[in-house]
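K.L.:
The structure under discussion is supplied below as structure tokens; questions concerning it will follow.
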Protein chains: 2
Amino acid sequence: MRATAIAHPNIALIKYWGKRDEDLILPVAGSLSMTLDTVATRTTVTLGGERDTFTLNGEAAQGGSASKVFRFLDRVRSLAGSHTPAAVVSHNDAPTAAGLASSASGFAALALAASTAYGLELTPRELSRLARRGSGSACRSTVDRFAVWHAGTDDETSYAEQIDAPDMRMIVCEINAGPKAVSSRDGMLLTRDTSPFYTEWAPSTERALERMIAACQAGDFTRIGELTELHAMRMHALTMTTEPPLRYLAPASFAAFDAIAKLRADGVEAYGTADAGPNVVAISRPADAERVAAALSEFGKTHIAAPGRGAYLAADGSGEAA
Amino acid sequence: MRATAIAHPNIALIKYWGKRDEDLILPVAGSLSMTLDTVATRTTVTLGGERDTFTLNGEAAQGGSASKVFRFLDRVRSLAGSHTPAAVVSHNDAPTAAGLASSASGFAALALAASTAYGLELTPRELSRLARRGSGSACRSTVDRFAVWHAGTDDETSYAEQIDAPDMRMIVCEINAGPKAVSSRDGMLLTRDTSPFYTEWAPSTERALERMIAACQAGDFTRIGELTELHAMRMHALTMTTEPPLRYLAPASFAAFDAIAKLRADGVEAYGTADAGPNVVAISRPADAERVAAALSEFGKTHIAAPGRGAYLAADGSGEAA
């Protein structure tokens, strides 16, 4: 009747951009990510009460974010054959300060906590599919360390599973550039509707994913890095071809990419990526992470993350969200 | 037996990027440009001597640039049925300081001076075609004010001609970013060979050109500006999708684009474009040019250009290049 789950953000090496089905949240192509070991979302779901409630970081949530959570609970209840309301209490570690979106960790934690509280015993694949319905990339945050999200063709076949990859670090650099002007969801729709290159995006991403999987299987960090930066540039280039042009990267973001290229020229293997916003994330071998962080510190606050756990249940009692 | 011609650079509003024929220099799509009234190339061709010579800015030119000029003279001689060598003396105004490539003005001036010296009486269309063989975009610098380069399907049908457009100014901002790492020619080949989006580039550029021609005919400066910035972003986005990614714009170039967007937010209609390098060129109505130049001056030296003349012959005697 009560469960607490913890989940972390993930950062994609092959990006997710564009849905083939808005309702089921089926992506146009597969993607591949690392789950981080920093910045947790901790969520407790307790059955009972008169109606659903959602408390986020100590305050009752309202509006769009609350109704998304309540619709998600409806989905879990329909799987469990239950009509009992639930209280959702969630806490994000430093949600804005880390420059990482909280939707992936948020819905991964909610999927595990809610499905457990309602008595569902989901397989890892079912859990990933459920999280996907809350926020697409959340399906990858249910997976330990590195995850491949298979695009699939329907609800059953679109899920994330673990893939082996060499140990690495992600250095997140927060570029201060004000609030994001266009959400990822709206950016994806604008891209679909106005970019002349969108038709080539899905097939080229599937090809990039195949190459990335091969590089992970070969344990080839250099190749993984090159493919990571290549695909990130392609995603950001794609958004710049919308009408009007949509650019998530700030001038300082490009300067950070230049600094990463300079690190490589100096013999430190680092590669850059960025989600739909100005923050830049470098990947490096573990031993190089501090040097990379030092080089990026002139552009903003940096954090180093290692491969982390997928969503997991808190030990008895101790894990209740504040 | 001697002729002097003057020509100016041009900046495209719809960009030329990619050839369908390397030898004939046939582009994959049409383009549209403004010929500037600043930064002249002045070239004198004098028949006679033992062999071809090329003097550029007072120094005997050697290597690749000289052999390109001599091959161009061969083409002119074959049209004229002549075997007489020629001395080419050319002078570029501040060739590097203005941040504008000199190949377009250079081959437009050479095409007119050489064809005149060898006694050819070319039509405007023939002159444009001849200039194209030296450097693709040179075919546009033979045209007064605004030029459409029809892509064509062979040597005869690929040429530039004048189009009416509203009076405007171009504000060239020199972004100091070191020498260009990859030439336009090599960048075009890399794009053709490695960008997954290249197949969509030519058809989308032809559609953009149709819309730009309609905007010019309607005298709609706002629409011209929006299409200019849209197409520039698409060209630069396209190069960023090569393997490895090729980015001509520097962080400060993006900052200049952001400053241009801020001018618009403040009610000054300016729009940005950029050729294959870090320099940014804003277009504005004539009355706004000084204000735009002031806003861009923090990113580099600025120059204001108005629509200028296509390649023309110097008045008798007075025009000999230094």
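The values are calculated or read from the model by the stated rules, or taken from the named source; none is laboratory data. What you see is a predicted model, and the numbers here were worked out from it, not measured in a lab. Neighbour counts are summed over all protein chains in view; Cβ atoms, including those assigned to glycine, are modelled from backbone coordinates with ideal geometry.
K.L.:
Since A:R223 meets every condition but one in (1) over 19 Å from the mean Cα position of the chain (by Cα); (2) closer than 25 Å to A:S135 by Cα; (3) among the basic types (K, R), which condition does it not meet?
P.N.:
Tallying (1) over 19 Å from the mean Cα position of the chain (by Cα); (2) closer than 25 Å to A:S135 by Cα; (3) among the basic types (K, R), A:R223 fails exactly one: (2).
K.L.:
Would you confirm whether or not region A:301-308 contains a residue that is outside any loop (DSSP other than H, G, I, E, B), under 21 Å from A:A165 (Cα atoms) and among the hydrophobic types (A, V, I, L, M, F, W, C)?
P.N.:
Scanning region A:301-308 turns up at least one residue that is outside any loop (DSSP other than H, G, I, E, B), under 21 Å from A:A165 (Cα atoms) and among the hydrophobic types (A, V, I, L, M, F, W, C).
K.L.:
Could you list, in sequence order, the residues of region B:71-101 that are at pLDDT 95 or above and over 14 Å from B:T43 (Cβ atoms)?
P.N.:
Passing the criteria: B:R71, B:D74, B:R75, B:R77, B:S78, B:L79, B:A80, B:G81, B:S82, B:H83, B:T84, B:P85.
K.L.:
Given the condition surrounded by fewer than 23 Cβ atoms within 10 Å (Cβ to Cβ), in a helix (DSSP H, G or I) and not charged (D, E, K, R), answer yes or no: does some residue in region B:137-150 qualify?
P.N.:
no
Yes/no per residue for (1) free of Cβ contacts under 8 Å to residues at least 40 places away in the same chain; (2) over 30 Å from A:I14 (Cβ atoms):
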site	(1), (2)
A:G30	no, no
A:G49	yes, yes
A:F72	no, no
A:S82	yes, yes
A:V89	no, yes
A:D93	no, no
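K.L.:
Which is closer than 26 Å to A:I283 by Cα and touching a His at 6+ places or on another chain (Cβ under 9 Å), of A:T43, A:T35?
P.N.:
After applying the criteria, what remains is A:T35.
K.L.:
Now for a different question. Could you list, in sequence order, all residues of region A:278-287 that are touching a residue at least 40 places away in the same chain (Cβ under 8 Å) and either within 20 Å of A:D220 (Cβ to Cβ) or surrounded by fewer than 21 Cβ atoms within 10 Å (Cβ to Cβ) (or both)?
P.N.:
Residues satisfying the conditions are A:V281, A:A282, A:I283, A:S284, A:R285, A:P286.
K.L.:
Output the residues belonging to region A:232-281 that are within 16 Å of the chain's Cα centre (by Cα) and not small (G, A, S).
P.N.:
A:M235, A:T273, A:D275, A:P278, A:N279, A:V280, A:V281
K.L.:
Quick one: would you say A:M170 is more than 27 Å from A:A261 (Cα to Cα), of a type outside the set (S, T, Y) and surrounded by 22 or more Cβ atoms within 10 Å (Cβ to Cβ)?
P.N.:
Against the criterion (more than 27 Å from A:A261 (Cα to Cα), of a type outside the set (S, T, Y) and surrounded by 22 or more Cβ atoms within 10 Å (Cβ to Cβ)), A:M170 does not qualify.
K.L.:
Then there's this: Within region B:125-174, can you find the residues that are among the hydroxyl-bearing types (S, T, Y) and either in contact (Cβ under 8 Å) with a residue 40 or more places away in the chain or out of contact with any Gly (no Cβ under 9 Å at 6 or more places or on another chain) (or both)?
P.N.:
B:S135, B:S137, B:S141, B:T142, B:T153, B:T157, B:S158
K.L.:
Given the conditions (1) of a type in the set (V, I, T); (2) surrounded by fewer than 19 Cβ atoms within 10 Å (Cβ to Cβ); (3) within 14 Å of chain B (Cβ to nearest Cβ), which single one is not true for A:I163?
P.N.:
So the condition that A:I163 fails would be (3).
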